[in-house]
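Trainee: Pasting in a structure now, in structure tokens, and then I'll have a few things to ask.
All of the numbers you see were taken from the coordinates with simple rules; none came from a lab. Model, not experiment: these values are computed from the prediction. Positions of Cβ are generated from backbone atoms using ideal geometry, with glycine treated the same way; all protein chains shown enter the neighbour counts.
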Number of protein chains: 4
Amino acid sequence: MNDRAAAATGGVPADSVPWPGGARSAAAFTFDVDAESAVLWGSPGTADRMSVVSHQAYGPLVGVPRLLDLLERHGIRSTFFVPGYTAHRYPDTVRRIADAGHEIAHHGYLHEQPTALTEAEEVEAIERGLAALQEVAGVRPVGYRAPMWDLSWRTPALLAERGFLYDSSLMDADTPYELAVGDTSLVEIPIQWALDDWEQYCFLPDITGSGLIETPAKAVELWRAEFSALRDAGGCWVLTNHPFLSGRPSRAAALSDLMAEVVACDDVWVAPLGEIAAHVRGLGLTPRSIEKPAL
Amino acid sequence: MNDRAAAATGGVPADSVPWPGGARSAAAFTFDVDAESAVLWGSPGTADRMSVVSHQAYGPLVGVPRLLDLLERHGIRSTFFVPGYTAHRYPDTVRRIADAGHEIAHHGYLHEQPTALTEAEEVEAIERGLAALQEVAGVRPVGYRAPMWDLSWRTPALLAERGFLYDSSLMDADTPYELAVGDTSLVEIPIQWALDDWEQYCFLPDITGSGLIETPAKAVELWRAEFSALRDAGGCWVLTNHPFLSGRPSRAAALSDLMAEVVACDDVWVAPLGEIAAHVRGLGLTPRSIEKPAL
Amino acid sequence: MNDRAAAATGGVPADSVPWPGGARSAAAFTFDVDAESAVLWGSPGTADRMSVVSHQAYGPLVGVPRLLDLLERHGIRSTFFVPGYTAHRYPDTVRRIADAGHEIAHHGYLHEQPTALTEAEEVEAIERGLAALQEVAGVRPVGYRAPMWDLSWRTPALLAERGFLYDSSLMDADTPYELAVGDTSLVEIPIQWALDDWEQYCFLPDITGSGLIETPAKAVELWRAEFSALRDAGGCWVLTNHPFLSGRPSRAAALSDLMAEVVACDDVWVAPLGEIAAHVRGLGLTPRSIEKPAL
Amino acid sequence: MNDRAAAATGGVPADSVPWPGGARSAAAFTFDVDAESAVLWGSPGTADRMSVVSHQAYGPLVGVPRLLDLLERHGIRSTFFVPGYTAHRYPDTVRRIADAGHEIAHHGYLHEQPTALTEAEEVEAIERGLAALQEVAGVRPVGYRAPMWDLSWRTPALLAERGFLYDSSLMDADTPYELAVGDTSLVEIPIQWALDDWEQYCFLPDITGSGLIETPAKAVELWRAEFSALRDAGGCWVLTNHPFLSGRPSRAAALSDLMAEVVACDDVWVAPLGEIAAHVRGLGLTPRSIEKPAL
């Protein structure tokens, strides 16, 4: 454990952590392959809306293949968070992701929002998601991201008990850290709302979205600005795209431009989250705790 | 059936289909002539709001004539989806569209959202729409677009039974395909929310809209980016404008610029949806099924 | 009545009307001086929110004086729609508007939404508004704009009975027209949501607004585009600003730039709505009727 | 009391006030360190959402240190409005702010919206806030800003009774003024929604935000335009940033650029609000009253 990493102790996130090969910062392109699950959970009647279903299906049917091509073209290995329901409905798509060398990580079974579940329901969602990924792709994921980016205070322990290495659902740091979970810990790789495509692109009447749809140029400008500033800060830039949104041609084209810019930065380590987490684990950081607010 | 088209089998949309004359991609400018129907269905009290009614009336009264002029200037034949109620309230406008050589297609009677209807109600909406278009314009439409872009799982069969050639309400592909409907099929010409003017321009307090109104330059930037990328991908770009929105002078002017750009692309086939559907039907694609999500 | 004007008969708005001095089009800068009334009507508890009240008070206290300076600098005479409540609460401001040579027009008493009122309530709102403007500024207005731009089907007759010359609340044309009201008529000077500053600038938590606030540059770009296109079309561009919004320094500065551009157009007639209405009345247009939608 | 200041009498805000050293205008960078309090008050169940809590925690953990660095680099002393709950949860952060020479001001205890409280509750919120700031940072604040920028009509008297010098929650002027409070007064330093980062950046599903997230370039363009225009007007530009939002790297970078531009203006007095209030108090302005609207 070096000095910089030591700054992660005491409940305060480190400004940065050392990156492999002397890199200045890290970057990851990640994808949440929600497909239908994101609109079905908590709202089963949405299954009756064929157009809505088709809107979500665009992700695994068209978006994922296009995005896999992009990633290959730019030589990027990525992390795909796949709900178990998506794996069951689109097994070929999920296998194709895995076969291309990308990481498959956990994203619930039916995209269940953890904070809306009982503990038994949350356990069931995790177990069903694990079983589906195992069954479909032969994968035992080491990483988890909470559906709706809404981790419960129970989730970290449930993940640690099941041998997960990392979570990627919290928003309180620019760099990964060890999150204390009882006597053990999870690597936490933070995300943030500005590095997500949902707010920029998603619109489904009565279901989600501001009602406005941004241009790809605007979305990429937002993400690029944060990439540049996090690079300066030595942080870990984690972009999240949804194939049903960013798999559309013009958005994929803009994302491709951004990928080219990012991989052209010699001082940035581009990696899937699993590798980032393994690297952070190797630093031997002192875990820090997050205290639930008392009222 | 050629090899590319064969890729449409197996439940996965094709990357592309062959286009007439060796064109690289296809493009259609379409118009949903909702007028008052879009604010009256499900909310009859809106009829009491004279300003709201006048906002919608702008479409057939001013927007359609202006847009017909644009289309003529650019030599574009288009598809107008006309609710039966619009045909009854504005028969001259609807006849003028037909007389200008554009396709009139079905868009419900009072813009009824299919997923909110019983089967009997959905049948009634389709039948009343057919009767109105026949009565007013002497047209038997071959194409259908679900009001609110919200197709029910029942709709395709109801359309096939009535001899429709195509639907344009789903969002799971970049190119048209044959949608399996029992033993037969419909041509499906996909749309998407980013290629619609409602999200960019529409605001009616307490009724619809994000509350924000974008510039025509921004809207056209969004549509142009997707046109360019779908052209590269060999897809079918289907833009939807509402005359009560895009018939406003500055929006029509921006749309005119975009029309000029699109028709200047020699490798793009610009056509009404009915002709695109007929072309696709001629390819003899194997229909693909969409399975309703089970929970 | 000339040929072009004759086009206004038959229920269809004219493409244009002849403008004085051979002008190509007309333009008006109008202001809705809602102040507190817009947040109090229908929600009297808002009076308890001192910050909200102060947000609205900015209009008559700071915005109006600044905007009057702008108008004077650019030599523009304008129309201010003043709710009676504003006149009672800020009599000096309202007299200052009138003294500067601008038109004072009717905008309800407490900004009452006409479609939410009984006929008796609507009559009362009109009468109280008239009394307040008379009492405070010695003005008998000839023009009316519905609060919330939400005219009822009753309003035109109530206005005609009271000798109003014009209304400015409908949205179904690019140019003014004679609106049939029984055996008589009102001049209607249409407005539209894209030519309003509320959608661009207004945010009051729990009360109104998309939650987003645009830059003055974006708002002016939107309004300029429509000015330019309506000028080409020979229409009548009617911009609406609220002093509590567009009276802020950077918005007023951007509006000033736009004013300079508009008055620099020699072929555009810039006038208050009362003069535009009088001109239109002089054309002897055949009134057109708007039929309430039947269901 | 000089002539310009005299213009503040009579219930109308002055166009400007004289600034120290002959400065043309004043400017303040202020920060509301809401952290968790802003999402917990009135909605205690939000404490169960670990991701949401972490989103808010980013402010004191990462945002404040970064922003303190920025302020130091640009030689700016600022005002931080700190809820008592934030002081108790992040005492080191709050002490660090004070130690860096910035002003700590009052922002409620748990970010309680004053207009939603009884008088007893409002008193309790003020007293608990005072006690927390005293206990944690040894500070007796002279300034107050209402949580949710929603001052009640009671608040000014409660502040005056406790010896506060100023409030910064009203929106009816471009320059500070003396707000009459019975026989005494408070200096009021106005704010406005367009000079806040919440509307530009904040998104928490089901909790707050338009759903859209703007680029730092757009936000800074908005703030810069108002800075420039208020500078011309001789006003007092008060920008409000939230560390959990504007402490993100790319937003902080854009804010840093804006800070550089502002401090480079030799004719602008950049100061914390406490110093601005003290200066205004020294002008001996005649207090003006704001009357609660009667209905």
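Trainee: Round to a whole angstrom and tell me the spacing of the C-alpha centers of the range C:31-59 and the range C:63-95.
Mentor: 17
Trainee: How far apart, in nm, are the 7 Å Cα→Cβ label points at residue A:69 and residue A:184?
Mentor: 4.2
Trainee: Could you please rank B:197, A:267, placing first whichever residue has the fewest other Cβ atoms within 10 Å of its Cβ? Don't jump to the answer; show the numbers that get you there.
Mentor: On the way: B:197 26, A:267 12.
Least to most surrounded, the residues fall as A:267, B:197.
Trainee: With the label 7 angstrom out along Cα to Cβ, how close does residue B:261 come to the same site in each of the other copies, in nm, nearest first?
Mentor: 2.0, 2.0, 2.8
Trainee: Cα atoms only, the protein assembly as shown: Rg and Dmax in Å?
Mentor: Over the protein assembly as shown's Cα set, Rg and Dmax evaluate to 30.7, 91 Å.
Trainee: Another question, then. For the residues B:184, B:118, what sequence is obtained by ranking on other C-beta atoms within 10 Å, fewest first?
Mentor: Ordered from fewest to most neighbouring Cβ atoms within 10 Å, B:184, B:118 come out as B:118, B:184.
Trainee: Compute the distance from the alpha-carbon center of the range B:105-131 to that of the range C:222-295, in whole Å.
Mentor: Value for the Cα centre distance between the two parts: 39 Å.
Trainee: What are the label-to-label distances in nm, one decimal and shortest first, from residue A:162 to the same spot in the other copies, with labels 7 Å along Cα to Cβ?
Mentor: 4.8, 4.8, 6.7
Trainee: Let me ask you something else. Stokes-Einstein at 37 °C, 0.692 mPa s, Kirkwood radius from Cα pairs: D for chain B in µm² s⁻¹?
Mentor: 171
Trainee: Taking springs between alpha-carbon atoms closer than 10 angstrom, which of A:168, A:152, A:16 fluctuates most in the Gaussian network model of chain A?
Mentor: A:152
Trainee: Tally the DSSP beta bridges in the protein assembly as shown and give the antiparallel ones as a percent, rounded to 5.
Mentor: Numbers: 28 of 120 bridges.
DSSP beta bridges in the protein assembly as shown are roughly 25 percent antiparallel.
Trainee: Say each of residue B:95 and residue A:134 gets a label point 7 Å from the Cα, pointing the same way as Cα to Cβ; how far apart are those two points in nm?
Mentor: About 7.1 nm, to one decimal.
Trainee: Within chain D, which whole H helices from DSSP have a Cα span along their axis of at least 20 Å and a mean Kyte-Doolittle hydropathy of -1.0 or more, if any?
Mentor: D:119-137, D:216-233, D:249-263
Trainee: Where the label is 7 Å out from Cα toward Cβ, how close does residue D:217 come to the same position in every other copy, in nm, shortest first?
Mentor: So the distances to the same position in the other copies read 0.9, 0.9, 1.3 nm.
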